[in-house]
Amino acid sequence: MTLQEMTLLIDKTKALQNPNEVMFLIDFMSKIQPKIILEIGVWRGGLASIFSYCFPDSRVIGVDILDVNDEGMVNGEHVYPYLDRNIKTYLFEYIHGNRHDESTVEKVKQSLGGKMPDFVFIDAGHDYESVKKDYELYGLMGKYTGFHDLFDLGGTKKLWEEKLIREHDCWYFKSLKGMGIGIIEVKK
């Protein structure tokens, strides 16, 4: 896929991602050929849609608190129609619930049916405690775990620098105008 094609796909899916950073992420994921991809924090469903598009033989599962049947606004934006459209168009699985509630964690585990995701992508809350909890609840489930907003938002960057790069093999990429993406190989 070219950068121009990725830019068009990002626009079509309403993903909040930098095209160069997504190209880095997809290139990395292509090397590990994930069969199961779990995304925590899907917002409009843009990146989950890109995962489904780029890895059509993979099972993509997204988790978020947004209810696709809610007509309300989030931060002044109607995100639900995008999320609903992306789920239906790109056919990824969606688990609705508060990602930190035990019942949602159980829904994810039941959906996985005892299997381990090959890749987990964390892009929900960005304060330190939220990112740390997402990592502990979901990031450790995967063989590889990716993090968005690595360089510009405090909590993700702090966890990355204080813990993740010290305990795991890691890769990262930041485009000039991007927020940064980091990937760790989870040590079991």
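The values are calculated or read from the model by the stated rules, or taken from the named source; none is laboratory data. Nothing here was measured: the structure is a model prediction, and the numbers come from that model. Cβ placement follows ideal geometry from the backbone for every residue including glycine, while neighbour counts extend to all protein chains displayed.
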* Which pairs have Cβ atoms under 6 Å, sit 6 or more apart or on different chains, and link a residue in segment 127-139 that is over 21 Å from Lys109 (Cβ atoms) to one that is surrounded by fewer than 19 Cβ atoms within 10 Å (Cβ to Cβ) and modelled with pLDDT under 95? -> Asp127/Gly155; Tyr128/Gly155; Tyr128/Lys158
* In this structure, does Leu25 turn out to be closer than 20 Å to Thr89 by Cα and out of contact with any helix residue (DSSP H, G or I) (no Cβ under 8 Å at 6 or more places or on another chain)? -> no
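Among helices (runs of 4 or more DSSP H) lying entirely in segment 20-134, which contain 2 or more residues that are closer than 27 Å to Lys174 by Cα?
Working: elements: 46-54, 80-90, 102-112.
By residue number, 46-54, 80-90.
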* Can you tell me which residue within segment 135-161, out of those that are among the small types (Gly, Ala, Ser) and not in a helix (DSSP H, G or I), is surrounded by the fewest Cβ atoms within 10 Å (Cβ to Cβ)? => Gly142
* Asked: When both residues are 6+ apart or on different chains and their Cβ atoms are under 9 Å apart, which pairs have a first residue that lies in segment 164-178 and is of a type in the set (Lys, Arg), and a second that is modelled with pLDDT under 90?
  -> Lys174/Leu150; Lys174/Phe151; Lys174/Asp152
* Asked: Hey, Asn75 hits all of (1) at pLDDT 95 or above; (2) surrounded by fewer than 19 Cβ atoms within 10 Å (Cβ to Cβ) but one; which does it fall short on?
  -> (1)
* Asked: Does Glu21 fit the bill of being surrounded by 20 or more Cβ atoms within 10 Å (Cβ to Cβ), charged (D, E, K, R), in contact (Cβ under 8 Å) with a residue 12 or more places away in the chain and more than 17 Å from Ala124 (Cβ to Cβ)?
  -> yes
* Among the candidates Ser49, Ser58, residue that is hydroxyl-bearing (Ser, Thr, Tyr) and within 24 Å of Ser130 (Cβ to Cβ) -> Ser49
* Structure fact -> Reported set for segment 8-19 where residues are in a loop (DSSP other than H, G, I, E, B) and either more than 17 Å from Val42 (Cα to Cα) or under 13 Å from the mean Cα position of the chain (by Cα) (or both) is Ala15, Leu16, Gln17
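For Phe151, state whether it is over 21 Å from Gly45 (Cα atoms) and touching a residue at least 12 places away in the same chain (Cβ under 8 Å). Walk me through how you get there before you give the answer.
Working: over 21 Å from Gly45 (Cα atoms): yes; touching a residue at least 12 places away in the same chain (Cβ under 8 Å): yes.
When the stated conditions are applied, Phe151 passes them.
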* Structure fact -> Checked segment 162-188 for anything part of a loop (DSSP other than H, G, I, E, B) and not aliphatic (A, V, I, L, M); matches are His168, Lys174, Ser175, Lys177, Gly178, Gly180, Lys187, Lys188
* In segment 137-163, which residues are more than 17 Å from the chain's Cα centre (by Cα) and not acidic (Asp, Glu)? -> Gly154, Lys158, Lys163
* Asked: Residue check: is Thr104 farther than 22 Å from Asp27 by Cα, touching a Gly at 6+ places or on another chain (Cβ under 6 Å), among the β-branched types (Val, Ile, Thr) and modelled with pLDDT of 95 or more?
  -> yes
